[in-house]
Every structure is written in structure tokens, then in C-alpha cells.
Amino acid sequence: MSAYPSALLALADGTIFHGKGIGAVGSTVGEVVFNTSMSGYQEILTDPSYSRQIVTLTYPHIGNTGVNAEDVESTRVHAAGLVIRDLPLLPSNFRMSQRLDAYLRGEKVVAIAGLDTRKLTRVLREKGAQAGCIVTAAEGETLNAETAVAQARGFPGLAGMDLAKVVSATERYQWKQGEWALEGGYADRSEGRFHVVAYDFGVKFNILRMLAERGCRLTVVPAQTPAAEVLALNPDGVFLSNGPGDPEPCDYAIEAIREIVASGTPTFGICLGHQLLALASGAKTMKMVTGHHGANHPVKDLDTGKVLITSQNHGFAVDPSTMPANLRVTHVSLFDGTNQGIARTDAPAFSFQGHPEASPGPHDVAYLFDRFISLMDAAQ
């Protein structure tokens, strides 16, 4: 990788990693987290839940299938930066349209390769996710580690940061795309039995696709849409999407969800939507030490006793000690026992912390979409 410019990653604790810049020239700051997925780097980069986060991928070879125009989860890259061990210089895949490094430069994403991601992951695992700064030197420029450390220390952290309204759509829109197939690509699913209003707190496209595939006609609304506007659309159900940042500052969403659940409208939340449903129901959330990021996390369904392998991406969790009597725990993480799912006992509302739509990852928890359909079916 001698042709790539010099780059460094500085952590707020003063740790410095040197490597090569494989993305845009410049600097970026954010919370540094590690993701254990072996594939799906394009979906990870475009997941809005990674806003203001620098993603370290622990799998050593990233980029060996290039990128394409279809495997995206939003309209742009949302991750603040990318850290990898090795960038394959001869990627190959029949769907490939571009190399990963060219894609990163085109998206103006600062990224670094060639450093010891195992050591970095150990630091994050032992000390927790912390602020970091990636700097890629322009031609003739010298990297300044002290300045990079200062930039990292200047990042305020995600606690208290409301990012849902930052990444959300600004206008209401209709979603008509179903799931992808090898022959034909994405299906047209403009018609549907159920009208679902989906709150966009940073929604992933594959969530909308899986709902559309199950017969949902989707109206996607901005994060700050009041409950009255949503209920005026006469939805059969309301979906609360994933998203980045701290859920507690999202008071606009918490109040809207409280009204929607009280109306008796079937409600389903994922990731940030799960946390917001918990807050709207009277529980509290907490910042995690490292968070859960990966596609191999075991979760137990307490209703069936089954163990499910799931895709995860969150740095906050619902505090189980604060749950009121009208919330029932439905899923728990077998990594650390943290809450993974809840259901209201007094309303048709439930949620899941992980990502049942995967993309990337396993589809073990896709049955939750069917549960949402059953709730709407029962309400009709």
C-alpha cells in the first residue's frame, strides 16, 4: 500500500496508530467502536445508526468484493470514518461496480488501513468506546499526532446527543420497494393490505423492504412528526425505526410514541425505536461500555426459549431495573444479559434492540416482522 498517503488514528487516551489513508484526505472525529461482522461493510457504512461513529472492522480483509449501487442502507455513508486491517487491491464480485477505496473517496469518508485492529479492539474492549480522530495527510503534509489527540479529546461523546433529527428525512415520502432477488433486483411493492406509518429516526432501507414484502403500504415521516399528524393518516400500524445517538434527548419522539401507544395503534420498534418505546413507557436507558456491534450476537427469546443469532448495532440499552409493571422483557443478550426486547402488557406494542432485518447478518429474528403483521391483522 505504498501508493497510499500516510494516516494516523489518535484515541482520546493518547494511543496512536499509524497506517495508510484509503479514503478522503483530511480529518474526522467520532466515537470509535468495533464491529465483528465478517461481511457487509457497505451496509455498515451506510447505516444511519453509525452517525458520528468511527467504525473499526475486526475481520482483517475488508473490501474484497468491492461495492455496488444496490447494497446500501441509506442514500449516503453515515459512519464518521472507517478503520480496517487490510484492503485487498484486487477485489472481485460479479455485482461489483467500484473498489472500496474509490467509494470512500467519492463519499468524502476519511479512512485508515494497515494498522493493528486486534490491538485497537483490545483497547476499546478494556477501556470502552472512546473518542478518536483519523487524519490522512495531503501531499507534502506532515501528520501531527498531538493535534489529532487534541481533536479526539474535543469530541463531546454521544451521551446527550440527539442525532435522530439530524439524519432523518425532512419530508414525508412513500416507500414502494420490496426485497432483493438475484433475478430482477428489488421488487415493486407499491400495493399493500396494511398502511404503516414509519418514523424515520435513521431508518435502514432493508427494514422498509421487509415490511413492504409482507404487504405493508409505507408512509415514512420525519423524526419530529407529531403524533396527531401520524394518527390523522389512519395507519393500521406505526413503526419506530433504528437510529443514532442518545435516545433520552429525543423528547419529541418520546411524547409522540406515548400518544400513539395510548391510541391502541399496533406499534413495533427496532434499535433506537426500541429504546424510545421503553422511555415512552416509563423505563430509562443507559450508555453501554462498548456497545453491541456485529452480526453474530446470541439472543434468547424468553417466550420460546430459542437462542437466535442476531445483527446488532447500538451503544445504549434499556435499563431493566427501571421497567414499569406494564413492560414485559421478551429477549435478552447471552453475551452480557442486557435487554433485547420488550412488550407492553396493556397495549399492542413491542420492540427489539437488535436488527431483525440484518443486512448484514442472519435472519433468525425476522419473525418479529410477522408478529407486527399479526398485531395489525388482529386489530382490523
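When segment 263-284 is filtered for residues that are assigned to a loop (DSSP other than H, G, I, E, B) and of a type in the set (S, T, N, Q), the ones remaining, listed by number, are SER263, THR265, SER281. Pairing each residue of segment 215-243 that is on the phi < 0 side of the Ramachandran plot with any residue that is open to solvent by 20 Å² or more (accessible area, probe 1.4 Å) and at pLDDT below 95, provided the two are 6+ apart or on different chains, yields C-beta distances under 6 Å for CYS216/GLY192; ARG217/GLY192. Applying the selection to segment 336-356, what residues are within 13 Å of MET288 (Cβ to Cβ) and acidic (Asp, Glu)? Of everything in segment 336-356, just one residue is within 13 Å of MET288 (Cβ to Cβ) and acidic (Asp, Glu), namely ASP336. Counting only strands (runs of 3 or more DSSP E) that sit completely within segment 1-95, those holding 3 or more residues that are more than 27 Å from SER168 (Cα to Cα) and open to solvent by less than 20 Å² (accessible area, probe 1.4 Å) correspond to 6-11, 16-21. From the residues in segment 96-121 that are of a type in the set (Lys, Arg) and in a helix (DSSP H, G or I), which one is least open to solvent (accessible area, probe 1.4 Å)? Here the residue is LYS119.
Screening ALA102 on (1) of a type outside the set (S, T, N, Q); (2) in contact with a His (Cβ under 7 Å, 6 or more places away or on another chain); (3) without any contact (Cβ under 8 Å) to a residue 24 or more places away in the chain shows it passes everything except condition (2).
Mind checking which residues of segment 222-233 are part of a loop (DSSP other than H, G, I, E, B), of a type outside the set (Ser, Thr, Tyr) and closer than 21 Å to SER351 by Cα? The answer is ALA223, GLN224, PRO226.
Applying a threshold of 7 Å to beta carbon distances and a minimum spacing of six or more residues, or different chains, the list of pairs starting in segment 347-372 at a residue that is among the charged types (D, E, K, R) and ending at one that is assigned to a loop (DSSP other than H, G, I, E, B) and surrounded by 23 or more Cβ atoms within 10 Å (Cβ to Cβ) reads GLU357/LYS204. Reported count of residues in segment 190-199, each being in contact with a Pro (Cβ under 9 Å, 6 or more places away or on another chain) and open to solvent by 10 Å² or more (accessible area, probe 1.4 Å), is 1.
Segment 310-378 holds strands (runs of 3 or more DSSP E) entirely within its bounds, and those carrying 2 or more residues that are at pLDDT 95 or above, among the hydrophobic types (A, V, I, L, M, F, W, C) and surrounded by fewer than 21 Cβ atoms within 10 Å (Cβ to Cβ) map to 327-333.
Among the residues that make up segment 127-146, is at least one of them modelled with pLDDT of 95 or more, part of a helix (DSSP H, G or I) and open to solvent by 70 Å² or more (accessible area, probe 1.4 Å)? Checked against the condition, which is being modelled with pLDDT of 95 or more, part of a helix (DSSP H, G or I) and open to solvent by 70 Å² or more (accessible area, probe 1.4 Å), segment 127-146 yields at least one hit.
Is it the case that some residue within segment 160-170 is touching a Lys or Arg at 6+ places or on another chain (Cβ under 8 Å), open to solvent by less than 60 Å² (accessible area, probe 1.4 Å), touching a residue at least 60 places away in the same chain (Cβ under 8 Å) and in a helix (DSSP H, G or I)? There is no residue in segment 160-170 that is touching a Lys or Arg at 6+ places or on another chain (Cβ under 8 Å), open to solvent by less than 60 Å² (accessible area, probe 1.4 Å), touching a residue at least 60 places away in the same chain (Cβ under 8 Å) and in a helix (DSSP H, G or I). Kindly evaluate ALA295 against the criterion of being without any contact (Cβ under 8 Å) to a residue 60 or more places away in the chain and of a type in the set (Gly, Ala, Ser). Criteria not met by ALA295.
The numbered conditions (1) in a helix (DSSP H, G or I); (2) surrounded by 24 or more Cβ atoms within 10 Å (Cβ to Cβ) are all true for PHE239 except (1).
Looking at (1) aliphatic (A, V, I, L, M); (2) open to solvent by less than 10 Å² (accessible area, probe 1.4 Å); (3) out of contact with any helix residue (DSSP H, G or I) (no Cβ under 6 Å at 6 or more places or on another chain), which is the only condition VAL289 fails? VAL289 satisfies all of (1) aliphatic (A, V, I, L, M); (2) open to solvent by less than 10 Å² (accessible area, probe 1.4 Å); (3) out of contact with any helix residue (DSSP H, G or I) (no Cβ under 6 Å at 6 or more places or on another chain) except (2).
The values are calculated or read from the model by the stated rules, or taken from the named source; none is laboratory data. Just so you know, these numbers come straight off a predicted model, no measurement behind them. As a convention, Cβ positions derive from the backbone with ideal geometry for all residues, glycine included, and neighbour counts pool all protein chains shown. What goes into the accessible areas is simple: the full protein's heavy atoms, side chains included, and nothing from ligands, DNA or RNA. Shrake-Rupley method; radii C 1.70, N 1.55, O 1.52, S 1.80 Å.
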